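Remarks on the structure that follows.
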Amino acid sequence: MLDIHLPHKSIRGFSEFLIHLFTITVGLLIAVQIENFVEWRHHLHLAEQARVALRAEIASNLKGLRGIQPGLKAWQDQIDADLAAMKRIQEHPNDPAAQHASLAVNSGGVTLDDTAWRTAQSTGALAYMPYEEAGRYTNIYQAQSNLQAMEDKPMEDVAAILGLIKKFNFDKASSKITAEQAGAVAEKLGQMSVHLATGDTLLRVDIEHSTAFLENRQPNGDFSFNLK
């Protein structure tokens, strides 16, 4: 807050009044500039704190993202094997070998942090960064959000498949899987396969955006979507 004090003695003459007015004006301008400088320094400090926190969080999340890639590949391979088993039953429902095929239902996920991102948003630190820099953070965390939103889909597929297994009594050794039952399970497995393929693409997008940021380069925008 700026304080303006009245003169300690009466002003005599117009020239003295102008001098006093000039002195007040210069003092106000100096005070305003000092205040603006202090505020500018505070904004720079806030933005730099956010940069450090965001970079550390992105690097930590990247390790987790890379860590789930092997498990995602194994999960997709297991679904392919389960689909092949259901197809054999559909084609040969009376074949004992087909009836004794194993069926594995797996699930998985990853926990990603966004504390630094939410803090940067709530404190307004992003507003004190260059537009391009703030945009890169937005792209990284948007990719992260898209991936986490997609994680719910395979979990729903797992629940649906487990429901069919219970409904058709697949867990009983004496039960026989009909071609229709195998088809119902295969449909859910196929749906899960599509969801995992989508998740794999989103995972690679997230990894590329985070890696490119940490390596100070532009991300590669070419991501293929593979369905078997």
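Worth pointing out:
- The Cα-based radius of gyration of segment 81-228, divided by its Kirkwood radius, gives an Rg/Rh of 1.18.
- Among the listed pairs K87/K166; K73/K188; K87/K176; K63/K87, those beyond 26 Å (Cα-Cα): K63/K87
- Contour excess over end-to-end distance, with Cα ends at D114 and A56 and 0.36 nm allotted per residue: 19.8 nm
- Mean Cβ neighbour count within 10 Å, used as a protection proxy, ranking 213-221, 61-69 highest first: 61-69, 213-221
- Neighbourhood net charge (12 Å Cβ-Cβ; Lys/Arg +1, Asp/Glu -1) for A182: -1
No lab work stands behind these numbers, since they all come straight from the coordinates. Fair warning: this is a prediction, and the values are worked out from it, not measured in the lab. A quick note on method: Cβ atoms are made from the backbone with ideal geometry, for glycine too, and the neighbour counts reach across all protein chains shown.
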